[in-house]
Structures are given as C-alpha cells and as structure tokens.
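The values are calculated or read from the model by the stated rules, or taken from the named source; none is laboratory data. These figures come from a predicted structure and were not determined experimentally. Don't worry about glycine lacking a Cβ; one is built from the backbone with ideal geometry, like all the others, and counts go over all protein chains shown.
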Amino acid sequence: MDKTTRNPMRPAVLALLIAGLLGSGLSHAAPTDAEVASLGKTLTPIGAEAGKNADGSIPAWTGGMTQVPAGWKAGSVDPYKDDKPLFSIDASNVDKHADKLSPGQLALIKAYKGYRMDIYPSRRSCPVPDVVAQQTKKNASAAKLGADGWQLEQVLGGGIPFAIPKTGAEAMWNYKLRYTGMGRRAQISALLPDKDGGYSENKQWAFELYPFNDPAVTGPADVEGVESMLLYEVLSPASRAGEGYLIHAYLDKPQDAWIYFPGQRRVRRSPTFAYDNPIAGFDNLYFVDQINVFTGALDRYDYKLVGKKEMFVPYNSYKLIDKKNKFKDMVGPDYVNRDFMRYEPHRVWVVEATVKADKRHSFAKRVFHFDEDSWALLQVDMYDAKGNLWRVQEGSLWAAPDVGACITYETQMYDLVARRYVVDNWTAEGEVIDLTAAKEGRINQATFSPDQMRRRGER
C-alpha cells in the first residue's frame, strides 16, 4: 500500500490527509484561517510542505531556481548536468523501493527487460513568483467550486486556486490552472516507436494560451469562462501536413474542438475530439484527454483526494529537451532510452478518479500523482473496467527561470496490453521553445479562433 507522509508538526498537512481519507471528495469545507496563514511559512506559497522529509532525501524548499543560469535558453542549458545518480532501480531491486513507486512504475520495471529508473538528488527547483504567491493566498479563501463538485465557479488569475485542497476536484483544478506563464509556442514531435528500433514522427507547431495565468483576471467572466486554448498545426508526415486542431477548454462545461482539413479548405467542429476518442495516427494508443497528461472537462469522474506520498518521479528533465540530442538515440523499441530520464524523490499529491455511474470512459479509473511544489502532473496509472492496469503515463518537469515557473511538456505513454508506447511534446529536434510568446505578443486570443486556423492553413 502507498505510504502517506506523516508529520505531527504539520497540522495543516495532517488535516489535508484526513480530508482526503474521508470519502469521495465532494465536501466543500473551506480552509481554516490557521491553514491559510501557514502559506509562506510551514507551507510554501502554493501549499507544499516547506521543510525537508524525515530522512533528508527531500530537502527543504528554499525558493527554487530564481536566478537565471549563465547562457540560459530552454534546450541549451542543464543546471544540474554534473549531478550523478545516487542509485538505480531495476528488476533486481525493485521490491526494495516499491513503497516509493506507483503500481504503473512497478509494472514497467517488471515487464521490460533492461528498464531502469536512475534516481538523482532531489532538487526542489520550482520557483514561485511573488505575484503568484499573493494571488494564491487570496484564492485560498476566494476560490470555490460549483454545486456539482467539479465546475470552477470563482477563481482569481495568476495563482493556484486551492493551495490547501479539500477535495480531489480542487487538486485537479490546481493542476489545470497551475502557473506556467501566459502562453507558449513550440515545434513539437509525437513519436510512435516500432519494434525494429525505428519510429514514425508527427511534427507540429503547438500554440498554448492560459488566460488564468494573468493576475489581472478577477473571475471567469473576464475570460468568458475559458480555461485554456490549444492549437496544433501538423507539419509532417506529408500525408497529414496542413491539418489543424483547435481546442477551447472551459471552467464549467466540456471543451469545444475544431479540425481543419487542407484538402477541403474548411474548418469543421469536432465534438468527438475529446475524452477517450483516439487521436489519429497513433494506432489507438493515445486518447484526446491524455494530451498534456490530462486535458478536458472533469465531468466524467469522481475525484478522491487520497493524500500525499513520497515517490520517485520524473524531475528536472533537461536531458529530454537538450538540443544536442537526437530522437533516434532517445527512443528504443520498448521504452525511452533510460540514459535520458532523470527521477528524483519528491512528495506528491495522490488523486484517485473513478468513472461516475452515469458516465462512460475507457479508463474506468485513473490515479494521478501531482508534484507538491508546482502542481505538475508527473505520473498517471490507468485501469480498465475489470480493474486491470492498462496504461502508464509520465509527465516531465523542468524549471524555466525566465518565466519563473516549472514547465511540463514532454510526455511518455506506455500501453501494457499492446506492449507499445508513444511520446508526445518532445522538443529536442524542434526549432523553437518559446515560453514568453503570449507575454511578448507573438500569440494572443485571436490566434485561437477557427477562422484564424483556416487562414493559417490556406497560406
């Protein structure tokens, strides 16, 4: 069983664990004044435990990476390049470390010969800008969910909604509205490896806009209830070049989606581009709501806040974005080359999602693991209707001091039944990782309209 962290010196954290264990996560109890006051003291400004863990393997948070390293540019500088692994976990010693692994991680190690996890020193690199700290503290008292338990009814921009979460849905919203900058653009690739060691590649321009990262936002009405906007323009393979995919995600309803087909020169609404509908070109291995590890409405699941645990998770994944690396060296027939993966011990929030009785989804249950320092989603185990572990998905995380945030982009998805995997949002061979595109005006809300997508496709 997972071991939740226990620390009698942290009454706020103990209260959270108790709340998570009480049931399905539909309670709407607000944080106490004492809990809110702990933000920036015993808790970090966004709700993580500020102190180190019992054995010191997870250090105290001291502000994260606030100084820009010399020559910094995403994909060209690894601030921790001189770190060496403390140890590796593989089939020979996995049982010794099972208490800090998820069932999905255990399954991968046991399923694939040579699969290992290299464990590095824990670097709590995620910064929290002052304005994010300020807005988060305001949200601790101001943010609230709707009566249905999942819609976000009120929230201020520029901060985490529920730094002291009481329900699983609140934790999900912390992930969805976590601070990563106003918006970004990048050339990304999704790779589908084959058993011969090769891969097929889908290269795209990706544009992402996050209206609630703006501290000027006073509530949902300011941004017409939009959570995020995503636009993807396919560059390759040649048979799909020119296709476009546009997603508008909302706080209070399922997302809207549109697809542009260059052969028809028209944009069509796509109500099926959501939830567990497969994404074209990936042999049914990749569902729409697995984009960015999880995207879309929260309406099909009940979310239980289980609590916290110490866990080995992907962290400071600078090797995955290093422009010196080539995809052919990074992917293998069964899994990502382990030399390019870095894992660290960190505390994570655990949320268990089960499909509602009146809803359907191919994943009957998902177990989410969120980094406490950033609310990034770093690992998900997914189960079928019979309770069998089906897929395992990893996020990645790396600090970007130029935007004062930890960025999550690259993902890896393993299907334990098909014995295949997909990676997405890989940028190592892309020309651009532009994290300040929205702040500096290179993209804006007009970029994400169906008409604009059509005009771009006709160029």
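Out of 116, 123, one residue alone is surrounded by fewer than 24 Cβ atoms within 10 Å (Cβ to Cβ), within 24 Å of residue 333 (Cα to Cα) and in contact with a strand residue (DSSP E or B) (Cβ under 8 Å, 6 or more places away or on another chain). It is 116. Residue 268 satisfies every condition listed in (1) surrounded by 15 or more Cβ atoms within 10 Å (Cβ to Cβ); (2) in a strand (DSSP E or B) except (1). Within the option set 298, 305, being assigned to a strand (DSSP E or B), surrounded by 20 or more Cβ atoms within 10 Å (Cβ to Cβ) and in contact with a helix residue (DSSP H, G or I) (Cβ under 9 Å, 6 or more places away or on another chain) holds for one residue only, 305. Can we say residue 332 is of a type in the set (Gly, Ala, Ser), out of contact with any strand residue (DSSP E or B) (no Cβ under 6 Å at 6 or more places or on another chain) and crowded, with 23+ Cβ neighbours inside 10 Å? The answer is no for residue 332.
As a summary of the residue check, residue 322 satisfies the conditions (1) under 22 Å from residue 187 (Cα atoms); (2) touching a helix residue (DSSP H, G or I) at 6+ places or on another chain (Cβ under 8 Å) except for the one numbered (2).
Residue 363: part of a loop (DSSP other than H, G, I, E, B) and surrounded by 20 or more Cβ atoms within 10 Å (Cβ to Cβ), yes or no?
yes
Quick one: would you say residue 310 is in contact with a helix residue (DSSP H, G or I) (Cβ under 7 Å, 6 or more places away or on another chain), within 30 Å of residue 85 (Cα to Cα) and among the acidic types (Asp, Glu)? Yes. Among residues of region 292-307 that are farther than 23 Å from residue 397 by Cα and touching a residue at least 60 places away in the same chain (Cβ under 8 Å), those with a Cβ under 8 angstrom from a residue that is charged (D, E, K, R) and not in a loop (DSSP other than H, G, I, E, B), sequence gap 6+ or separate chain, pair up as 301/366; 303/352; 304/352.
Entry remark, region 366-419: residues being outside any strand (DSSP E or B), surrounded by 22 or more Cβ atoms within 10 Å (Cβ to Cβ) and at pLDDT 95 or above number 8 in total.
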